1. Taking H placed 1.01 Å from N in the peptide plane, check which residues at least 5 places from Ile96 or on another chain put their amide H under 5 Å from its amide H.
2. What's the FRET efficiency of Leu24 with Cys4 using the Cβ-Cβ distance as r and R₀ = 41 Å, to the nearest 0.05?
3. For the stretch 1-68, what is the convex hull (Cα atoms) projected area averaged across all directions, in square nanometres?
4. Mind checking which of Ser56, Thr78, Met9 is farthest towards the positive end of the chain's charge dipole, using Cβ charges of +1 (Lys, Arg) and -1 (Asp, Glu) about the Cα centre?
5. Which whole-Hz couplings ³J(HN,Hα) result when phi for each residue of the stretch 93-108 is put into the Karplus expression 6.51 cos²θ - 1.76 cosθ + 1.60, θ = phi - 60°, listed in order with x for Gly and Pro?
Amino acid sequence: MGTCWDVLMAVICICGLALAGWWLFGLLLRPLPGGLARVVITGRGGGEDLEHQVRSFLWLRGLGLLRCPIVIADAGLTPAGWDLALRLTARWPEVILWPAGDLGDYITRT
């Protein structure tokens, strides 16, 4: 009978530790508040990795782990890179294209 109680207590302890770990992991991955944070992606050249980076952050938004706007900072985009950035902003309204030198104005404006 003592072994049965030992097994039951071990199962209860394991479940309690799993619940505490799950709760703490949830605190670690809690979504960022939307009004306080901005994701800034620097756009340079032809914007080779720009779409991949935007899609990565949109994936996080889709999971509910991110609730802030995504800003593409134009730091020397070529005409092809500019067209790509404009297509990304047209496709997803939460993506914004802004000149890198005027990011301070964007932050104080919103």
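1. It is Ile70, Val71, Ile72, by chain and number.
2. Working: r = 31 Å, r/R0 = 0.75.
The pair Leu24/Cys4 has a calculated efficiency of 0.85.
3. Details: hull surface 27.1 nm².
Seen from a random direction, the Cα hull of the stretch 1-68 projects 6.8 nm² on average.
4. Met9
5. The phi angles translate into x, 7, 9, 10, 9, 9, x, 4, x, 10, 4, x, 5, 5, 5, 6 Hz.
A short reminder: the numbers here are calculations on the coordinates, not readings from a lab. Since we're looking at a predicted model, the values are computed, not measured. With ideal geometry, Cβ positions are generated from the backbone for all residues, glycine too; neighbour counts draw on all protein chains shown.
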